[in-house]
Each structure stands twice: as C-alpha cells, then as structure tokens.
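**Student:** Let me begin by handing over the structure; questions about it come next.
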Amino acid sequence: METVSWGIKELDKEIGEIKKYSLILFHQEDSLSRGIDVLYYILAKKLKEDELIGYFNISYPLPLVLKVLSRFGVDPIKALESRNLAIIDTFGSFYGIRTNIKGVYMLEGMLSSETLPAKYARVVELHKEDWAKFGMFEGRNIFGFAIAISSYLELFGRVDEVLRYIELSSEIRHVHPAYRKYPRGTNFWLWIGKGNEEVFGSVFRRADYVIRTRSHLGDEGIKRELIILKTPGISEDIVKFEYEFKDTRPVLKRVL
C-alpha cells in the first residue's frame, strides 16, 4: 500500500500517513479554529517539496488566494510558471473576473451542475498533458485542493443541484482520460461552517478521511481542537488533538 505524508509530523505519527489517492475532507466548524490555515500549511508544504498541485479556487477572488499562498512562504507566480501549481479559478469563472496569469485556468461557457464536472476534467487533462510532456510525473506526487466545496451551495443556489454536481463529478472521475490515462492524485476538500446537512452528509460518506477543526474560549484564551472523525481501515475510536500555530505552522498535541 502506497502512502503519502500529511505534511504534519504529529498526524503521520498518531494516525499514520495517508493512503495514496484518498479523499480527505477538512471541516472547519468555525472560523476561529483556523482549519483553512491548517490546510494551506499542508498545501504550501507540498509545493515546497516540489510536488504537483491542482488548486480548485471556489470561494475567493484570485488575488486573495495568491496573497495567502505568499503568507505561507510560497511564491505563487513562480509556482504557476514552473507548472508545479495549476489553479482552476471557479470563483472568477462564475463571476466573470478574468485573468491572464500563466497556469490559471478559466472555465468557459455556461457553468452548471451538469456542465462543471466535464469542464473541470478537461482542464485537469490539459494540465496533466503538460506535466507528461515535461516529464514532471517522475518522482512526484499529485495533490488536489478544493477550497471550499461548501461554496457550491452559493454558486448553484439549490441543494438538489449541488447533490447532482457531486454525483456527476464522481462518475466522470471514474471514466475521463484525465484520471484514466494519467496518474491520479490525493485530494483535500475543505468545508466551511455547517451548511446543508444533506450535502455535507453526501460528501462525508464519500471521503476516506474526515477531519474537523473547532474552537472554544477558555480561561487562557482560544483553545483549538482537531478531531479525526473518519479514517480507512482503523478502529472507530475518535482521535483528538489540541493545536496552536507557530507562525503559520500548526503544532498538534494528542489529547484523546
């Protein structure tokens, strides 16, 4: 069984490395927990290790994403120009905010629950063609980061449309050349807040790993918890960590 590191040593030690090609759902329950920062730390670590990254930008204006990556010690323009990083700008495509930055892909035409999965797959295929052309698969792992899939509820506007998108996306990933002809990746999806229980439940069931971050105020200030709710082939015991940030690095301590 092939595995890849979490990029956070405490997780590798306590729950083991990630089974390659898994789907990992990060659920940031509240903003003070800074779960998104944990995920950005992992993303930045992978880029610094010369891995291949596909970033699905669903929630934020592109300049904000580039600024955040810089805060985590990544030069996003350099990463895009080197082809290690590809950004699929869903947010900009839906709202008509175009860019000509190399390595940033816009989605053309009508965007709906029915058309988006195929458009994503085509963009992934195009960039993987580049990775293959320049021999970049050799010795590297592929990671996908979707930030944040909870925003599909806003983009599509209806629960049934989001559920339809999730179903079609899963079907296309099983048959499209982007995933059959070229190497597959290990994927991280971020969910922010509570949102719709039916949609969240659908994503939860599909995920191989589920991690929840939450926070509460204590006598000594904000206490942050990272909880492992689901892992493949491991006992049903819930694993819990407390964590804090040293600059941008999350430092975890197991408490359960």
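**Student:** In degrees from 0 to 90, rounded to the nearest 10, what is the angle of the helix 116-133 Cα long axis to the longest principal axis of the chain?
**Tutor:** 80
**Student:** Per the 1.4 Å probe, what fraction of the accessible area of the chain, in percent, lies on carbon and sulfur atoms? All intermediate terms of the calculation are to be shown ahead of the outcome.
**Tutor:** Numbers: 6100 of 12470 Å².
C and S atoms contribute 49 percent here.
**Student:** Next question. Hey, what angle do you get for helix 159-175 against the long axis of the chain, alpha-carbon based, 0 to 90 degrees rounded to 10?
**Tutor:** Here the helix axis deviates by roughly 70 degrees.
**Student:** Let me ask something else about it. With the other protein chains left in place, how much accessible area per residue, in square angstrom, belongs to the chain at a 1.4 angstrom probe? Working shown, then result.
**Tutor:** Details: 12470 Å² over 256 residues.
I get 49 Å² per residue for this part.
**Student:** While we're here: Relative to the longest principal axis of the chain, what angle (0 to 90°, nearest 10) does the C-alpha long axis of helix 197-206 take?
**Tutor:** That helix lies at roughly 80 degrees to the long axis.
**Student:** Considering the chain as a Gaussian network with a 10 Å cut-off on Cα pairs, which listed residue, LYS133, LYS102, LYS20, attains the greatest mean-square fluctuation?
**Tutor:** LYS133
**Student:** Can you give the Kirkwood hydrodynamic radius for the range 3-254, in Å, rounded to one decimal and based on Cα pairs?
**Tutor:** Working: mean 1/r = 0.0535 Å⁻¹.
Result for the range 3-254 stands at 18.7 Å.
**Student:** A further question follows. Given a 1.4 Å probe and heavy atoms of the protein chains only, how would you sort GLU49, GLU220, largest accessible area at the top? Display every interim value, and only then the final one.
**Tutor:** Working: GLU49 90, GLU220 160 Å².
Of GLU49, GLU220, the descending order of accessible area is GLU220, GLU49.
**Student:** Here is a follow-up. 222 nm [θ] for the chain, helices only, -39500 (n - 2.57) per DSSP H run of 4+, per residue, to 500? All intermediate terms of the calculation are to be shown ahead of the outcome.
**Tutor:** On the way: 10 runs with 97 residues, N = 256.
Mean residue ellipticity, 222 nm, calculated: -11000 deg cm²/dmol.
The values are calculated or read from the model by the stated rules, or taken from the named source; none is laboratory data. In this text the structure is predicted, and so the values were computed from the model without any measurement. Side chains are part of the model used for accessible areas, which takes the heavy atoms of the whole protein and leaves out ligands, DNA and RNA. Shrake-Rupley method; radii C 1.70, N 1.55, O 1.52, S 1.80 Å.
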